[in-house]
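Please treat every number below as a calculation from the coordinates, not as lab data. Every value quoted in this text rests on a predicted model; they were computed, and no experiment measured them. Don't worry about glycine lacking a Cβ; one is built from the backbone with ideal geometry, like all the others, and counts go over all protein chains shown.
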Amino acid sequence: MKSDDSSSASSSVLLYDVLGSATAGIISRIFTHPLDTVKARLQAPTGGGGSSKATTFRGPIDALLRTYRQEGVRALYGGFGAVIIGGTPGTVIYLTGYAFFRDSITMAVLNMRRHEEGDGRSSSSTDGKPTLLHSQEFAVHFMSGMLAETVSCIVYVPVDVVKERMQVQRKANIASTSSLGYQYNGSWDALRQIARTEGIRGIYKGYGATLASFGPFSALYFMFYEQCKYQSREHISRERMQHVDTTISNDLETPVKDGDLPLLHLIACSAGAGALASWLTSPLDMAKLRLQVQRGQAAASAGSSTAITNPTTQYHGMIDCLRSVFAEGGVRGLFRGAGARVIHFAPATTITMTCYEKCRAFFADTLG
């Protein structure tokens with residue numbers, strides 16, 4: 001009977017995680033996809049995306065305004081269909097996967113400590129309930145973020161390839177029609193063309209580069225995010241202690257849960273963690289994008305000698321790309337587009353994680 005209750009509770013928690021993450025992923029992308037497009041165009045090689053006309057942007061705002069004026073809203077939302085249809089399941093796998101790995105690794109570490117201490121208790125415990133050491137929490141959150149990205153990239157990589165090919169493409173002469181237009185007419189058309197010219201292997205060829213980019217981002221993000229939430233809980237607990245009231249003295253013993261954190265605290269935690277993690281990993285994201293665009297240009301050139309008239313530098317892997325960019329522009333070159341990446345990821349992670357935490361709590365209260 002006890003096992004059935006535990007299984008039912010686990011299923012309910014999983015349902016709340018799935019509903020909360022799906023809702024959060026859709027809401028976040030609606031508001032932040034144009035910023036992601038700007039970031040992609042700033043990081044792409046000059047003249048990339050199949051355009052014969054080189055375009056250089058002076059910064060995120062200039063890229064946003066010029067893209068809108070020259071190509072309209074459609075260009076800003078290039079690849080949006082792929083993100084919603086394929087990215088939403090990816091977000092669900094990502095967030096629920098992180099929660100699963102975090103809880104599983106935490107339990108494994110605590111069981112190892114119980115076994116080592118031999119008395120069934122941990123030296124770091126609250127009300128008899130064992131907890132991780134602070135240094136262990138950093139490692140658990142870092143590993144969980146990396147593992148969650150590893151699994152979710154199975155879905156994210158094809159979505160990312162289609163999305164970024166759509167984002168960086170600009171109007172150019174199409175060989176088949178001898179007229180000015182886009183190489184891809186939509187996310188589905190892009191997926192079909194990539195599958196036809198490069199095969200399934202081509203779609204997943206960027207898995208390693210994507211994981212090398214987003215893996216460290218996710219690992220750092222969750223490490224920073226969980227630490228910020230810990231500091232927020234400690235801050236709220238200290239405020240409670242400063243306003244001791246005998247009528248609510250029992251509440252002082254109740255730990256602050258994530259769902260109970262004020263909205264402003266969640267916003268600050270997610271925005272700060274997203275901004276710092278995205279800035280630190282910007283060179284990796286830039287290299288990943290250039291490799292994906294390069295594969296698209298190579299495929300287009302193979303199909304038509306006029307598809308690309310201004311080929312870019314050929315990179316032989318992520319390390320080679322980073323070295324080449326550093327040789328051309330130094331550290332500033334490596335962090336080209338970092339501001340746009342932060343401008344995209346700070347609100348994206350803020351909206352996603354805040355909606356996730358609140359929607360998860362909402363579904364738990366409503367359906368529970």
ask   = Stretched out fully, how many nm does the piece from Asp103 to Ile26 gain, at 0.36 nm a residue minus the Cα gap?
value = 25.2 nm
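So if R0 is 41 Å, what FRET efficiency would Gln314 and Ile85 give, r being the distance between their Cβ atoms, rounded to the nearest 0.05? Intermediate values should be presented prior to the final figure.
Numbers: r = 32 Å, r/R0 = 0.79.
Result of the calculation: an efficiency of 0.80.
R0 = 25 Å: FRET efficiency of Ile61 with Phe326, Cβ-based, nearest 0.05?
The pair Ile61/Phe326 has a calculated efficiency of 0.45.
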query = With a sphere of radius 15 Å drawn around the Cβ of Gly317, what net charge do the other residues whose Cβ falls strictly inside it have (Lys, Arg +1; Asp, Glu -1)?
reply = +4
inquiry  = Could you check the spin-label model distance between Phe138 and Arg69? Points 7 Å from the Cα along Cα→Cβ, value in nm.
reply    = 4.8 nm
key: Local net charge near Glu328, Cβ-Cβ under 15 Å (Lys/Arg +1, Asp/Glu -1)   = +3
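Summing +1 for each Lys or Arg and -1 for each Asp or Glu, what net charge is found among the other residues whose Cβ lies under 11 Å from the Cβ of Val13? Let's see the in-between values first.
Working: positive: Arg360; negative: Asp17, Asp103.
Residues near Val13 contribute -1 overall.
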